Amino acid sequence: MSNSAVLPIATVGEKILDRQAQAVTEFDHSIQSLASDMLTTMIAANGVGIAAPQVFSSVAMFIMASRPNPRYPDAPNMSPIVVVNPHIIEASTHMELAEEGCLSIPGQRIKIWRHAQIKVQYHDLNGNLISDTLVGFIARIFQHEYDHIQGITLLERSKMSEQQPETVN
Ligand SMILES: [Zn+2]
């Protein structure tokens, strides 16, 4: 971690945020180094997640790092997880509405519907396949960062999200 750097963050309007990111096929030093720089950049910006396209790399990788915060006081405190080549395998029909921010849209909070629970698969930094079930705030971070990998910004998601009807518990 000695040479990790704070990278510039792409803001909405940058074309790279609209582009589908490329899958990682070589789990080599350059991917480890990018992950390390993304982590340093996310911490410096006080984020709970960051995706590679946000630091101008069109690579299917993101970091999630949940911790309790004023908006989500009950959010779990977890060590940052590096997620490579993410897939959402299954999503609950139950949706939850909550405000989200985005490092690429400084100073704005937007209410977004997200699946309350998702089953996911991804690779870790060594190329091992991981399967997991995520709920609540962590599921929300995953869906937010996964959108970045697909080239969907929070503004576009909020327009799609307006059509989401109220769901019943
Ligand atoms: Zn974002």
- Query: Once both axes come from the Cα atoms, what is the angle between helix 29-44 and the longest principal axis of the chain, in degrees from 0 to 90, rounded to 10?
  - Reply: 50 degrees
- Message: Leaving out ligands, DNA and RNA, and with a 1.4 Å probe, what % of the accessible surface on the chain is carbon or sulfur?
- Response: 51 percent
- Task: Straight distance only, please: which lysines reach the Cα of LYS111 with their own Cα at less than 16 Å, same-chain residues fewer than 8 apart left out?
- Result: LYS159
- Item | Peptide ranges 121-127, 23-29 listed from the most packed, as the mean C-beta count within 10 angstrom indicates | 121-127, 23-29
- Within the P(r) computed for the stretch 6-55, what percentage of the Cα pairs occupies the region above 17 Å? 40 percent
- Relative to the chain, whose Cα atoms define the longest principal axis, helix 136-150 and its Cα axis are tilted in degrees, nearest 10, by 60 degrees
- Query: Using 0.36 nm per residue, how much length does the chain from HIS94 to LYS159 gain when fully extended, once their Cα-Cα distance is taken away?
  - Reply: 21.5 nm
- May I ask for the distance between the Cα centers of the stretch 121-158 and the stretch 12-48, given as a whole number of Å? 13 Å
- Note on the structure: Rounded to whole angstroms and listed largest first, the alpha-carbon spread of the stretch 15-161 along its three principal axes comes to 38, 31, 28
- Return the distance in nm (one decimal) between the two label points of a simple spin-label model at ASN3 and SER33, each offset 7 Å from Cα along Cα→Cβ. 0.6 nm
- Name the residues of the stretch 43-65 whose amide N is less than 19 Å from a point 7 angstrom out from the Cα of ILE110 along the C-beta direction? 47-56
- Query: If you count, for each residue, the other Cβ atoms within 10 Å and average over each peptide, how do 110-120, 92-102 line up from highest to lowest?
  - Reply: 110-120, 92-102
- Query: Which of rounded, prolate, oblate describes the stretch 1-89, given a ≥ b ≥ c as roots of the alpha-carbon gyration tensor eigenvalues and a/c under 1.5 marking rounded, otherwise prolate only if a/b is larger than b/c?
  - Reply: rounded
- Message: Could you compute the net charge surrounding MET42? Neighbours are other residues with a C-beta less than 13 Å from the C-beta of MET42; K and R count +1, D and E count -1.
- Response: -1
- Note on the structure: Mean Cβ-within-10 Å packing, highest first, puts peptides 46-57, 142-153 in the order 46-57, 142-153
- Query: By the scheme Lys and Arg +1, Asp and Glu -1, what is the net charge of all other residues having a beta-carbon under 10 Å from that of MET64?
  - Reply: 0
- Task: Leaving out ligands and nucleic acids, note down the accessible area per residue over the chain with a 1.4 angstrom probe, in whole Å².
- Result: 52 Å²
- Query: Can you give the relative contact order of the stretch 15-161 as a percent, counting alpha carbon pairs under 8 Å and 6+ residues apart?
  - Reply: 26 percent
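The values are calculated or read from the model by the stated rules, or taken from the named source; none is laboratory data. Worth saying up front: this structure is predicted, and the values here are computed from it rather than measured. Counting neighbours? That spans all protein chains shown, and the Cβs are built from the backbone with ideal geometry, glycine included. For the accessible areas, the whole protein counts, side chains as well, though only heavy atoms, and no ligand, DNA or RNA atoms are used. Shrake-Rupley method; radii C 1.70, N 1.55, O 1.52, S 1.80 Å.
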